[in-house]
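Derivation of every value follows stated rules applied to the coordinates shown; laboratory data play no part. These numbers come from a predicted model, not from an experiment. Reconstructed Cβ throughout: ideal geometry from the backbone, glycine too, with neighbour counts over all protein chains shown.
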Amino acid sequence: MIKTLKFGGTSVGSAANMRRVAGIIVSEGARLTVLSAMSGTTDALVRISAAARAGDTGTVKQTIEALRDKYASCILRLLDTHKDAAVERMEAALALISDETFTYRGEVSDKLIQAQGELLTSAIFCYHMQELGHKAVLLTSPEFMHTDPEGKPDTARLKKELTRLVTETDPDIYYIAQGFICTDAAGHVSNLGRGGSDYSAALMGVAIDSDEVQIWTDIDGMHNNDPRVVEKTFPIRRMSFDEAAELAYFGAKILHPLTIQPCKEAGINVRLKNSMEPEAEGTLISADEDNAMDFHAVAAKDGITVVRITSARMLMAYGFLRKVFEVFEKYKTPVDMITTSEVELSLTIDNTDRLDEIVRELVPFGSLEIDRDNTIVCIVGCIDYQQVGLAARIFNGLREIPIKMISYGANHRSMTILVSTEHKKQTLQALNDHLFDCTNGK
């Protein structure tokens, strides 16, 4: 069985955690392991880029020194015979970061600086595997993970080049690669966006024809609700690709939203596991549907802005919606939810970078209202609108909460509602209390 395993930043965040990960990899017989940077590294590198942009050399130096202390401590605790080689790699990475801040090239420097966390973490971990006596091979993801001018991964090239690198049939060889980072269409080191290591692992797993992709974090699988906000949540043992994709898109932090699609198309199961408790069952995501429960999980997505358009021109008109959506397409701004009436259109966005331009172009369509600081709450399960009483079970629990928008999913797997972010915690807890029997994990 060919397995691709991905470990997040917390899972490789210390020498002790790296030792635990090494044991998991050997136990699982992982063909390919994809690593994030040690926890906190990418945030530090983003701060360095911001300081370089602002000409703040003091913050640059201070943050580089903090990273040196962090990685040197890990190396000293983890390695023996490869200690000097790891320190040399660390110093080379930190020197590159420092050089880029002095010859700052904007986004090109930002992406190159941010890549150093994954590159250094994976090198240290590979040395550890070799010291344990394993045949570990370090790969460099930007050599085979390329994106097109739109930033989309070139999956055909990935399959060709990664398959060429992972040629050995010896099951005792462990290939180590970096998540998140890639090479863009201009030939510069780039990345797939924050949290993109999950997506990297899925793409790589498909490229080498894995039987299973495992995503290891510090949480025991996908929970029925956000355990950081809600009391008495429980892990979901099985769910479908579509349910997992909905939950990931609408805020389930354990999984990157783009991870599921390539695995679904290739028919590869995804398993979510906890590196701190490897024996825990986790969550299996597959093509199988579980229709035994009406409600499976709830997720929330913050930072939502509502754009409302009121216009008598909508009445008995055709083409109005098309023209509105052409504005959002022009400024590459996706729409999450939409509701309409005869004279009013409400839609939500989570990216407000181009909102000023969008508003200017929408003014001729009618009067506009911008409503910020909202949260989309998504309820996932067997949400069949023909099932009598199902909606009542949801809204009876929310009778004390003002709801701004409601939308049924066309696939009968979800219902989304919009609330002010100030009511997020109350909404999630109410849904947890009314829809799930958390004492029995149902």
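Details
- Placing unit charges on the Cβ atoms only, positive for Lys and Arg and negative for Asp and Glu, gives region 296-435 a dipole magnitude near 220 debye about its Cα centre.
- For ASN191, the residues 5 or more places off, or on other chains, whose built amide H falls under 5 Å of its own are CYS182.
- When the Cα positions of VAL137, ALA202, PRO227 are compared along the charge dipole of region 133-287, PRO227 comes out farthest toward the positive end, with charges on each C-beta of Lys, Arg, Asp and Glu.
- Rounded to the nearest 20 debye, dipole of the chain from Cβ charges on Lys, Arg, Asp, Glu: 280
- Rounded to the nearest 20 debye, the dipole magnitude of region 64-167 is 420 debye, with +1 charges on Lys and Arg beta carbons, -1 on Asp and Glu beta carbons, and the Cα centre as origin.
- Ranking of VAL327, VAL46 by count of other Cβ atoms within 10 Å, fewest first: VAL46, VAL327
- DSSP-assigned coil residues among GluC sites (Glu not before Pro) in region 345-442, each with at most 16 further Cβ atoms within 10 Å: GLU400
- Relative contact order of the chain, pairs being alpha-carbon contacts under 8 Å that are 6 or more residues apart, as %: 13
- Listed residues VAL34, LEU5, PHE180: farthest to the positive end of the dipole of the chain (Cβ charges): PHE180
- Evaluated at q = 0.10, 0.13, 0.14, 0.20 Å⁻¹, the base-10 log of the normalised Debye intensity for region 296-435, with identical point scatterers placed on the Cα atoms, takes the values -0.37, -0.62, -0.71, -1.19.
- Contact order relative to length of region 296-435, as percent, for alpha carbon pairs under 8 angstrom and 6 or more apart: 30
- Distance from region 255-296 to region 363-394 (C-alpha centre basis), Å: 25
- Looking at the chain, the DSSP beta bridges with both ends there are about 60 percent antiparallel.
- Global dimensions of region 54-101 from alpha-carbon coordinates: Rg and Dmax equal 12.1, 41 Å.
- Enclosing the Cα atoms of region 161-308 in their convex hull gives a volume equal to 172 cubic angstrom per residue.
- Selection of chymotrypsin sites (Phe, Trp or Tyr not before Pro), region 344-405, meeting DSSP coil and at most 14 other Cβ within 10 Å: TYR385
- All lysines inside 18 Å of LYS253 as judged from Cα atoms, apart from same-chain residues fewer than 8 positions distant: LYS6, LYS232, LYS273, LYS301, LYS424, LYS425
- Environment charge of VAL229, counting only residues whose C-beta is closer than 14 Å and scoring Lys/Arg +1, Asp/Glu -1: +1
- Long-range HN-HN contacts of VAL34 with modeled amide H, under 5 Å: LEU5, LYS6, PHE7, ALA177
- Taking θ as phi - 60° and the Karplus parameters 6.51, -1.76 and 1.60, the scalar couplings of region 331-342 work out to 9, 6, 10, x, 9, 8, 10, 8, 9, 9, 9, 4 Hz in sequence order, x denoting glycine and proline.
- Centroid-to-centroid, using Cα positions, region 195-244 and region 1-80 are 20 Å apart.
- Within region 99-196, the trypsin sites (Lys or Arg not before Pro) that combine a DSSP coil assignment with at most 13 other C-beta atoms in a 10 angstrom radius are ARG105, ARG194.
- Under 20 Å from the Cα of LYS159 - aspartates and glutamates, other chains or at least 8 residues apart: GLU143, ASP148, GLU150, GLU168, ASP170, ASP184, ASP198, ASP209, ASP211, GLU212, GLU265
- Region 3-218 - Debye-derived log10 I(q)/I(0), Cα point model, q = 0.10, 0.11 Å⁻¹: -0.41, -0.50
- Our coupling estimate for region 29-37, obtained by passing each phi through the Karplus curve with A = 6.51, B = -1.76, C = 1.60 and θ = phi - 60°, is x, 5, 6, 9, 10, 10, 10, 7, 6 Hz, Gly and Pro reported as x.
- Springs join every pair of Cα atoms under 10 Å in this Gaussian network model of the chain, and among THR427, THR140, THR59 the largest mean-square fluctuation is at THR59.
- Computed over the chain, the quotient of the alpha carbon radius of gyration and 2.2 N^0.38 Å is 1.06.
- Listed values for region 266-283 are Karplus-derived 3J(HN,Hα) couplings in whole Hz (6.51 cos²θ - 1.76 cosθ + 1.60, θ = phi - 60°), namely 8, x, 9, 5, 10, 10, 9, 10, 10, 5, 7, 9, x, 6, 5, 5, x, 10, and x replaces Gly and Pro.
- Normalising the average separation of contacting C-alpha pairs (under 8 angstrom, six or more residues apart) by the number of residues puts the relative contact order of region 273-344 at 29 percent.
- Cβ-based charge dipole, region 296-435, positive-most Cα from ILE358, GLY303, HIS412: HIS412
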